[in-house]
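First up is the structure itself, then whatever we jot down about it.
The values are calculated or read from the model by the stated rules, or taken from the named source; none is laboratory data. No experiment lies behind these values; they were computed from the predicted model shown. Backbone-built Cβ (ideal geometry, glycine too); neighbour counts: all protein chains shown. All accessible areas refer to the heavy atoms of the entire protein, side chains included, with ligands and DNA or RNA removed. Shrake-Rupley method; radii C 1.70, N 1.55, O 1.52, S 1.80 Å.
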Amino acid sequence: MTTVVGIHFKKGSKMYYFDPCGLPLAKGTQVIVETQLGTEYGYCVTGPFEVEDERIVPPLRKVIRVAGDYDKKTLEQIAQKEKQAMEVCRQKVESHGLAMKVVEVDYTFDGNKIIFYFTADGRVDFRELVKDLASVFRTRIELRQIGVRDEARMLGGLGVCGKQFCCSSFLDEFQPVSIKMAKEQNLSLNPTKISGTCGRLMCCLKYEQSAYEHLHSITPRVDSVVQTPHGRGTVTDVSLLRGNIKVRLDSAPDAPLKTLHRTEVKVIKSGRSRADAPDDP
């Protein structure tokens, strides 16, 4: 076991493990840490705790110190520089006629490097732009192309639920989300209803997926042939969360449908799930 502390560098960013070096750290403590880019300003997501050695990606870098007043003042100065760098970069992008959108700028805490994040529909030849920016800022320049989900995380905002984007508040990593999840949860397949602001399927489709998969595994599907206390019949409708199903009895096809709980029937022949059906046009 190894003692670590969880740290992220910007709100909503991925959490990384660092060696606390015996410092009195707690959740919310602001610290200066050693990274592959140099020294950086971070925020403790957790206090020190132990994890299995297999979960550590070597080398385990160290927390140098708890951030002091000078460090916090430096951070404020960096924030102002980032705003200025953003404006300069956007002007340079326009002057070079590049089809790209600058999303965010990161100054390393030691000032040795500036990273510009941008989105674009395809590949962009930004070599001349890098040279131009380097001549202005007199430091190392890096441009990184990101996707629309990363852009949403960086910019933040409110989702259709009225709360802050999950990706910019607590999600460490993006999880794969598929249209099959929407089908299994019996949601509308209208892209405008199941897509987030980024235009991709909403991350929250993933949250309850395991519960729906379990319910699907123990609940008869529509069109399944089942044996009931009233005889054999065919499932016509399913209330997945309640566990209720409606059955048309073979012995009385014109009679009102029987509403039964899934535990009252036995599947003889399984029907087809909605997730197996072809996509709606």
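For the stretch 129-281, the relative contact order is 16 percent, taking Cα pairs closer than 8 Å that sit 6 or more residues apart in sequence and dividing their mean separation by the residue count. As a ratio to 2.2 N^0.38 Å, the alpha-carbon radius of gyration for the stretch 122-281 is 1.61. Across the stretch 22-37, coupling constants 3J(HN,Hα) worked out from phi with the 6.51/-1.76/1.60 Karplus curve, θ = phi - 60°, read x, 6, x, 9, 9, 4, x, 5, 9, 9, 10, 10, 9, 10, 5, 8 Hz, and Gly and Pro carry x. The modelled label-to-label distance between residue 84 and residue 112, using points 7 Å beyond Cα along the C-beta direction, is 2.2 nm. For the chain, a crude dipole built from +1 on the beta carbon of Lys and Arg and -1 on the beta carbon of Asp and Glu, taken about the Cα centre, is about 560 debye to the nearest 20.
From the coordinates of this entry, log10 I(q)/I(0) by the Debye sum over Cα atoms at q = 0.09, 0.11, 0.15 Å⁻¹ is computed, and it appears in (1) -0.66, -0.83, -1.16; (2) -0.41, -0.61, -1.17; (3) -0.63, -0.70, -1.01 under the label (1). For residue 140 and residue 251, the difference between the fully extended length at 0.36 nm per residue and the C-alpha to C-alpha distance is 32.0 nm. Rounded to the nearest 500, the helix-only mean residue ellipticity at 222 nm of the chain stands at -7500 deg cm²/dmol, with each DSSP H run of n ≥ 4 adding -39,500 (n - 2.57). Counting only residues at least eight positions apart within a chain, or on another chain, the aspartates and glutamates with an alpha carbon under 12 Å from that of residue 246 are 223, 237, 264.
Each Cα pair under 8 Å and six or more residues apart adds its separation to the average, and for the stretch 183-243 the resulting relative contact order is 23 percent. Comparing Cα centroids, the stretch 163-186 and the stretch 198-255 end up 24 angstrom apart. Working from Cα pairs under 8 Å separated by at least six residues, relative contact order for the chain is 11 percent. The C-alpha atoms of the chain define a longest principal axis, and helix 209-218 lies at about 20 degrees to it. Sparsely packed loop sites in the stretch 2-57 (the trypsin sites (Lys or Arg not before Pro) outside DSSP H, G, I, E and B with at most 15 other Cβ atoms within 10 Å) comprise 10, 11, 14, 27. P(r) tail, the stretch 77-177: Cα-Cα pairs separated by more than 16 Å, 61% of all pairs. Ranked from largest to smallest solvent-accessible area, with a 1.4 Å probe on the protein heavy atoms, 161, 204 come out as 161, 204. The label-point distance for residue 35 and residue 217, in a model that sets each label 7 Å from Cα toward Cβ, rounds to 4.0 nm.
Cross-link check: pairs 10/72; 183/269; 27/101; 101/180; 27/83; 101/131 evaluated at a Cα-Cα cut-off of 25 Å; pairs beyond the cut-off: 27/101; 101/180; 27/83.
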